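Trainee: Structure below; questions to follow.
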Amino acid sequence: MEGINEPAVTNWIKSALPDFESPYNYELIAGGRSNLTFAVTGATGKKIVLRRPPVSHVLPTAHDMEREFRIISALKPVGFEVATPLAVCHDKEVNDYPFYLMSFVDGYILKEPELLLEKFPNPNDRKTISESVVDTLVKLHSYDIDEIGLGDLARKEGYIERQLKRWYSQFRSSASEIDHSVPEVDEMFTRLSATVPEQKRAAIVHGDYRLDNTAVGQDGTIAAVLDWEICTLGDPLADIGLLLVYWTEPSDTNPPLSSVTSLDGFYTRAEIAQRYANAAKVDLGLINYYVSFGYWKLACILEGVYSRYVQGARGGDRSEITDYAKQVMLLAQSSFAALEKF
């Protein structure tokens, strides 16, 4: 299986988790755009999860498995909704890159409308999901980062400025590799850099918080938050701004991002923002800046995905590739529209 050196990985798991009986079956459950996630099933049917970087075109400052493992290892003991960390492999000789193991969380990844309608047919259940998505984010932002051992994870101040420089650098690198120009992204970098709001506090910032980066339990509450790849410390308002970017509504025309949240029963974006503001006791008067930044950041990220796919990082069906250039443009245009309201 691509991404798994089965003999070496199997021997390492046996050593790290002696009670997890072999033989093991490896199954890819998420991959393509970023880190790869495998379900590993043992001889008794028990499942655990293995996370590793993509097999090619690994960006130099991304895909840090040891960092991801550290983050969930700090959050699990304080009661935050994450999978249980099990073991981390630092030895690149085992599987080309460091990787880690965590528990398998029983929950639904609500990315497709069909699954959501099957598992949560009652609109009241979708109200519960909406509330849990917000309340879980408020909980994440409430932790004292020094107290839980993450105070040295990254710089605490100047978050937006650092993010603008990081993502613009990666955008320029990705665009130059395939000779793809998107002037709107360049313009928005200049505009966003000139109007950065003052950062009021520092908190854990997930960096890609959205409904389908969570596992939702049968009761409609968040069982685990997933994909901590770009988590850092900084301005927590960036997380709520990005959540609003992902949170589509029924009235949206040609949204650049698809989401199940346009189905009946889900909160509106205004209700999401209001619940967060009330629970976190923060003023969201400048939220449109963070929404604009969220759209722009996604444009930069998607340009990287587009570049990797054009260069052959994804095998099999490549039909989605032709849409990516258009999506980058739509995201940049949405960033402009949001900043106009700032």
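Trainee: Just checking, how many residues over the stretch 215-247 are surrounded by fewer than 19 Cβ atoms within 10 Å (Cβ to Cβ) and of a type in the set (S, T, N, Q)?
Mentor: 2
Trainee: Looking at this structure, is Glu198 exposed (fewer than 13 other Cβ atoms within 10 Å of the Cβ) and closer than 28 Å to Asn288 by Cα?
Mentor: yes
Trainee: Are there any strands (runs of 3 or more DSSP E) wholly within the stretch 202-273 with 1 or more residues that are farther than 19 Å from Asp144 by Cα, out of contact with any helix residue (DSSP H, G or I) (no Cβ under 6 Å at 6 or more places or on another chain) and of a type in the set (Gly, Ala, Ser), and if so which?
Mentor: Once the strands (runs of 3 or more DSSP E) in the stretch 202-273 are filtered for at least 1 residues that are farther than 19 Å from Asp144 by Cα, out of contact with any helix residue (DSSP H, G or I) (no Cβ under 6 Å at 6 or more places or on another chain) and of a type in the set (Gly, Ala, Ser), what remains is 214-216, 222-225.
Trainee: Being part of a loop (DSSP other than H, G, I, E, B) and without any contact (Cβ under 8 Å) to a residue 40 or more places away in the chain is the filter here, so list the residues in the stretch 65-90 that pass it.
Mentor: Gly79, Thr84, His90, listed by residue number.
Trainee: Just need a number here: residues in the stretch 148-198 that are over 22 Å from the mean Cα position of the chain (by Cα) and in a loop (DSSP other than H, G, I, E, B).
Mentor: 9
Trainee: Val245 is checked against (1) within 20 Å of Ser34 (Cβ to Cβ); (2) aliphatic (A, V, I, L, M); (3) touching an Asp or Glu at 6+ places or on another chain (Cβ under 8 Å) and fails just one. What number does that condition carry?
Mentor: For Val245, the exception is condition (3).
Trainee: Of the conditions (1) aliphatic (A, V, I, L, M); (2) under 21 Å from Glu157 (Cβ atoms); (3) modelled with pLDDT of 95 or more, Ile230 satisfies every one except a single condition; which number is it?
Mentor: All conditions pass for Ile230, except number (3).
The values are calculated or read from the model by the stated rules, or taken from the named source; none is laboratory data. Here the structure is a predicted model, which is why all the values come from computation and not from measurement. We place every Cβ from the backbone using ideal geometry, glycine too, and count neighbours over all the protein chains shown.
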